[in-house]
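The values are calculated or read from the model by the stated rules, or taken from the named source; none is laboratory data. Just so we're clear, the structure is a prediction, and the values are computed from it rather than from any experiment. Using ideal geometry, Cβ is built from the backbone for each residue, glycine included, and neighbour counts are taken over all protein chains shown. Each accessible area value is taken on the protein alone, full model and side chains, heavy atoms only, with ligands, DNA and RNA left out. Shrake-Rupley method; radii C 1.70, N 1.55, O 1.52, S 1.80 Å.
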Amino acid sequence: NRSTNWSTATIPSLAALVFDTSGKPAETFHDDASPNKPEASSGSMHLTDASQQYGLLTQVTFAVIGFAVFIAYFVISFNERGKVYQYSSPMSAMWVGLITLWFATLLIAWWKLPTSKSALMAKIWTTLSVIIALEGFISLISFAAGQNEGTAAALCLLWIASGGLGVAMSLGKWRALTSSYDASSLESDDSAVKPAGRCAFCLTVHFWLNFTLLFLVLWLLVFSTGVMIQSAAAANDGNSIQPPGQIYTISTNGTELDMHLYCFGPTAGKTVVFEHGGGANSMTLLGLAQELVATREVRACVYDRLGYGFTPSLYTGVDALPHSGVLLSLLLDKAGEAGPFVCVGHSAGAGACLFFAHANKAVVGVAMLDGYPDVIRAGSLRPGQEPSGRVLGATQGLGVAAGAPGLGRGAIGNPGGHFVPRDRRGTVIALYAQTRFWLAQYWDVKADLDLPEERQLYRLLGGSKDAQGLVHYGGTLAGVAVLVVPAAHTTTPTACESEENRGSFCCGHAINSTVCRNQRADAVLYGEQAKLYAETLSADTNGTLVVAPAGSDHSFVNHRDYYQWTAEQISVTLLS
């Protein structure tokens, strides 16, 4: 191809691919004085044409509106307190605005570059615009079919309009450039084709500008495709996965909240209530509940806290509500569950059980399964540390980047092949993938950061902190039996002298790394706090401390190898 001989000698061949179209010299590379510059046809579109100016101004308008939508719903998501969302999250609408802003801005930037006169680039942008418009249309249908996502669905019209206008603009430019090509220019010699006054550096700059724009568009497609898939999957999950149990409406502080509760088993005797971990949902403890009902014939209740699992209501500013123990008492009372209650809490749910025992005098037993609410809080990075704004920022960033785009779907919250019950594994993954899950996480961490000292758990239960940050209780829970079950991995430092551990990360060259030293220190701290829970929480007698079997980690409560052992410990200690 004679028209590209000079360019390939000065810049990479990829640049020639981007700037030429099937061997045709791009209009951009012809100097005005070049005798071989193609004459523009009457159908050629220039920036001075009214139609092109109108298209650009309209895209600018879309970008401004998209920016306003993004900022408005970002503020609503992370700053507006006292809002109740039913099955939905304002982050969906926020991302629709961001996609519109992102696409319109990139299209305007490409249009204003001299290299926009490349027919190949016009063809690429036409294809990209078609994809964006189609994704917006599918997202509109999905949001409309979902639960309470009408705002996001309506805003998808803006997304579709921006993409559709992009199709018209880039397609028009592509056709204009194609029709204006003068085939006789192929007969010119190399010196004639090479533009006078142009340099290899200029072409390289143009190449990298186009490359940067395409790179940003690629990331836009990643996120826009994610939003499309997330909206479709969420609509399908909401319509196909039915919650066991019922949804009850409770009222507190003038606010009505809908919460999910599932109780089953005989009504006589004790009722075992399960509190899931932070960010988890009721299905993570269903297998343990089913095992207790089957073996001990007790009644069991699993439920979802605000913003999680099957509970419809998400409340922004949960610190303005009574603590979770009061809400659970209201929920059980609404459902007609009278007790006496044994509360089994996993991870952060252990703290929720203590709140419940503080709020409800019908609680006669508490099981804390690998939960240490006083030394590791929602906003803490490590045990013994105060909550940090960095955790809040990281939660917010993950929520924005992985929430509505669904980039964590199937990975975050996947309980693995060992999960019990197996038939609920897909449900757990789907519930973790909800956009509102991330917003609930954010507000939980924020509530922990903003929680006044007098409302902290250990203060409510009359505890005191020592120099290490460990909490000593004075037997506040009168008449309540306490079972503390740490995971072996959590409270036992890796024994490097053991043959089976010699190949582990913290027994090799990293044994003295910061990560491994922190792991050993944290294990000791968790173990000491677990011991203090067993010794100081109950007023009548010492509690029971039982470390889970060797090999157990934080998820032992729903692990097929350990959940029956866990049920037996609860049965023997709290249900006999």
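For region 483-567, which trypsin sites (Lys or Arg not before Pro) are both in a DSSP coil and crowded by at most 15 other Cβ atoms within 10 Å?
Values: sites: R502, R517, R520, K531, R560; in loops: R502, R560.
Loop-located and lightly packed - R502, R560.
Which ³J(HN,Hα) values, rounded to whole Hz and listed in residue order, are derived for region 294-310 from phi using the Karplus coefficients 6.51, -1.76 and 1.60 in 6.51 cos²θ - 1.76 cosθ + 1.60 with θ = phi - 60°, glycine and proline given as x?
Each residue of region 294-310 in turn: 6, 9, 10, 6, 9, 8, 10, 10, 10, 8, 10, 6, 4, x, 10, x, 8 Hz.
Counting only heavy atoms of protein chains, what accessible area per residue, in Å², does the chain have with a probe of 1.4 Å?
Numbers: 24040 Å² over 576 residues.
Result: 42 Å² of accessible area for each residue.
Dipole size in debye (nearest 20) for region 206-300 around its Cα centre, Lys and Arg Cβ +1, Asp and Glu Cβ -1? Don't skip to the answer; put the middle values down first.
Numbers: 3 positive and 6 negative charges, 27 e Å.
Using Cβ point charges on Lys, Arg, Asp and Glu, region 206-300 gives about 120 debye.
Taking R0 as 56 Å, what FRET efficiency do you get between T127 and R520 from their Cβ-Cβ distance, rounded to the nearest 0.05? Working shown, then result.
Details: r = 55 Å, r/R0 = 0.98.
In this case the efficiency is close to 0.50.
Place a +1 charge on the Cβ of each Lys and Arg in region 497-566 and a -1 charge on the Cβ of each Asp and Glu, then give the dipole magnitude about the Cα centre in debye, rounded to the nearest 20. Show your work: numbers first, answer last.
Values: 5 positive and 9 negative charges, 38 e Å.
In debye, rounded to 20, region 497-566 gives about 180.
When the chain is fully extended, how far beyond the present Cα-Cα distance does T267 get from L113, taking 0.36 nm per residue of separation?
Values: separation 154, 0.36 × 154 = 55.44 nm, distance 7.35 nm.
Using 0.36 nm per residue and subtracting the Cα-Cα distance, I get 48.1 nm.
Place a label point 7 angstrom from the Cα of L398 along the Cα-to-Cβ direction, then list the residues of region 324-357 whose backbone nitrogen is under 11 Å away.
Answer for this model: none.
From the square roots a ≥ b ≥ c of the eigenvalues of the alpha-carbon gyration tensor of region 281-348, which class results: rounded (a/c under 1.5), prolate (a/b over b/c), or oblate?
Values: a/c = 2.27, a/b = 1.59, b/c = 1.43.
Since a/c reaches 1.5 and a/b is larger than b/c, the shape of region 281-348 is classed as prolate.
Could you tell me which GluC sites (Glu not before Pro) in region 482-560 are loop residues by DSSP with no more than 10 other beta carbons within 10 angstrom of their beta carbon?
Working: sites: E497, E499, E500, E528, E535; in loops: E497.
In loop regions of region 482-560 (DSSP not H, G, I, E or B), the sparsely surrounded GluC sites (Glu not before Pro) are E497.
Work out from phi, with θ = phi - 60° and the Karplus expression 6.51 cos²θ - 1.76 cosθ + 1.60, the ³J(HN,Hα) of each residue of region 139-152, listed in order in whole Hz, and give x for Gly and Pro.
5, 4, 4, 5, 5, 5, 7, x, 9, 6, 10, x, 5, 4
What relative contact order, as a whole-number percentage, does the chain give when Cα pairs under 8 Å and 6 or more residues apart are counted?
On the way: 1064 pairs, mean separation 76.2, N = 576.
Reported relative contact order: 13 percent.
From the helices alone, meaning DSSP H stretches of at least four residues, give me the mean residue ellipticity at 222 nm for the chain, per-run term -39500 (n - 2.57), in deg cm²/dmol to the nearest 500.
Working: 18 runs with 277 residues, N = 576.
When only DSSP H runs of four or more count, the value is -16000 deg cm²/dmol.
Quick check: at a probe of 1.4 Å, how many percent of the accessible area of the chain sits on carbon and sulfur atoms?
58
Could you calculate the contour length gain from D450 to A145, that is, 0.36 nm times the residue separation minus the distance between their Cα atoms, to one decimal place in nm? Please report the intermediate quantities before stating the final value.
On the way: separation 305, 0.36 × 305 = 109.80 nm, distance 3.68 nm.
This chain segment gains 106.1 nm when fully extended.
Normalised by the empirical 2.2 N^0.38 Å for globular proteins, what value does the Cα Rg of region 497-576 take? Let's see the in-between values first.
On the way: Rg = 16.2 Å, N = 80, 2.2 N^0.38 = 11.6 Å.
Cα Rg divided by the expected 2.2 N^0.38 Å: 1.39.
Work from the charge dipole of the chain (Cβ charges, +1 for Lys and Arg, -1 for Asp and Glu, about the Cα centre) and give the residue of G479, W565, A168 farthest towards its positive end.
Positive-end residue among those listed: A168.
What size of dipole, in debye to the nearest 20, comes out for the chain about its Cα centre when the only charges are +1 on Lys and Arg C-beta atoms and -1 on Asp and Glu C-beta atoms? Mind showing how you got there, number by number?
Working: 35 positive and 43 negative charges, 107 e Å.
Dipole size: approximately 520 debye.
From the cross-link list K123/K173; K361/K446; K361/K465, which pairs have alpha carbons spaced over 19 Å apart?
Working: K123/K173 9 Å; K361/K446 29 Å; K361/K465 25 Å.
Correct reply: K361/K446; K361/K465.
Report the one residue of T541, S555, N501 whose Cα lies farthest in the direction of the positive end of the charge dipole of region 491-569 (charges on C-beta: Lys and Arg +1, Asp and Glu -1; origin at the Cα centre).
N501
Using every Cα-Cα pair within region 318-383, state what percent have a distance larger than 20 Å. Provide the component values of the computation, followed by the final result.
Numbers: 617 of 2145 pairs.
Roughly 29 percent, rounded to a whole number.
Hey, what's the per residue convex hull volume over the C-alpha atoms of region 458-547, in cubic angstrom?
Details: hull volume 9.0 nm³, N = 90.
Looking at region 458-547, the number lands at 100 Å³ per residue.
Assuming R0 = 60 Å, what is the FRET efficiency of T255 and A168, from their Cβ-Cβ distance, to the nearest 0.05? Write down the numbers at each step before the final one.
Numbers: r = 48 Å, r/R0 = 0.80.
Once the sixth-power term is evaluated, E becomes 0.80.
Efficiency by 1/(1 + (r/R0)^6): what FRET value for C496 and D553, r their Cβ-Cβ distance, R0 = 25 Å, to the nearest 0.05? Intermediate results must be reported in sequence, preceding the final value.
Numbers: r = 18 Å, r/R0 = 0.72.
So the FRET efficiency works out to roughly 0.90.
Does the chain classify as rounded, prolate or oblate by the C-alpha gyration tensor (a ≥ b ≥ c root eigenvalues; a/c under 1.5 gives rounded; else a/b over b/c gives prolate, otherwise oblate)?
Working: a/c = 3.11, a/b = 2.27, b/c = 1.37.
Prolate, since a/c reaches 1.5 and a/b exceeds b/c.
Give me the angle, in degrees from 0 to 90, between the Cα long axis of helix 50-79 and the longest principal axis of the Cα atoms of the chain, rounded to the nearest 10.
Compared with the principal axis, the helix lies near 10 degrees.
Helix 91-112 versus the longest principal axis of the chain: what angle, 0 to 90°, nearest 10, using Cα atoms?
Helix 91-112 sits at roughly 20 degrees to that axis.
Tell me, Kirkwood radius of region 284-411 from alpha-carbon pair distances, in Å? Intermediate values should be presented prior to the final figure.
Working: mean 1/r = 0.0600 Å⁻¹.
Here the Kirkwood hydrodynamic radius works out to 16.7 Å.
Output ³J(HN,Hα) for region 230-240: one whole-Hz value per residue in order, computed from phi by the Karplus curve 6.51 cos²θ - 1.76 cosθ + 1.60 with θ = phi - 60°, and x for Gly and Pro.
4, 5, 5, 5, 5, 5, 5, 4, x, 8, 10
Does region 252-322 classify as rounded, prolate or oblate by the C-alpha gyration tensor (a ≥ b ≥ c root eigenvalues; a/c under 1.5 gives rounded; else a/b over b/c gives prolate, otherwise oblate)? It would help to have the intermediate numbers written out before the result.
On the way: a/c = 3.00, a/b = 1.98, b/c = 1.51.
Note, shape of region 252-322 comes out prolate.
Which one of G254, L292, L330 is farthest out on the positive end of the charge dipole of region 239-362, using unit charges on Cβ (Lys, Arg +1; Asp, Glu -1) and the Cα centre as origin?
L292
Quick one: which of 301-311, 441-451, 542-552 comes out on top by average Cβ neighbours within 10 Å, and what's the full order, highest first? Show your work: numbers first, answer last.
Details: 301-311: 25.2, 441-451: 20.8, 542-552: 17.3.
Packing proxy ranking, top to bottom: 301-311, 441-451, 542-552.
Quick one: angle between helix 348-359 and the longest Cα principal axis of the chain, in degrees between 0 and 90, rounded to 10, please.
50
Taking loop as defined by DSSP and a crowding limit of 15 other beta carbons within 10 Å, which trypsin sites (Lys or Arg not before Pro) in region 358-412 fit?
K361
Hey, what did region 486-576 get for relative contact order, percent, Cα under 8 Å, at least 6 apart? Walk me through the numbers on the way to the answer.
Details: 78 pairs, mean separation 31.9, N = 91.
Worked out over region 486-576, it gives 35 percent.
Would you mind telling me the antiparallel percentage of the DSSP bridges in the chain, rounded to 5? Kindly include the intermediate steps, with their values, before the conclusion.
Details: 19 of 42 bridges.
For the chain, the DSSP antiparallel bridge percentage is about 45.
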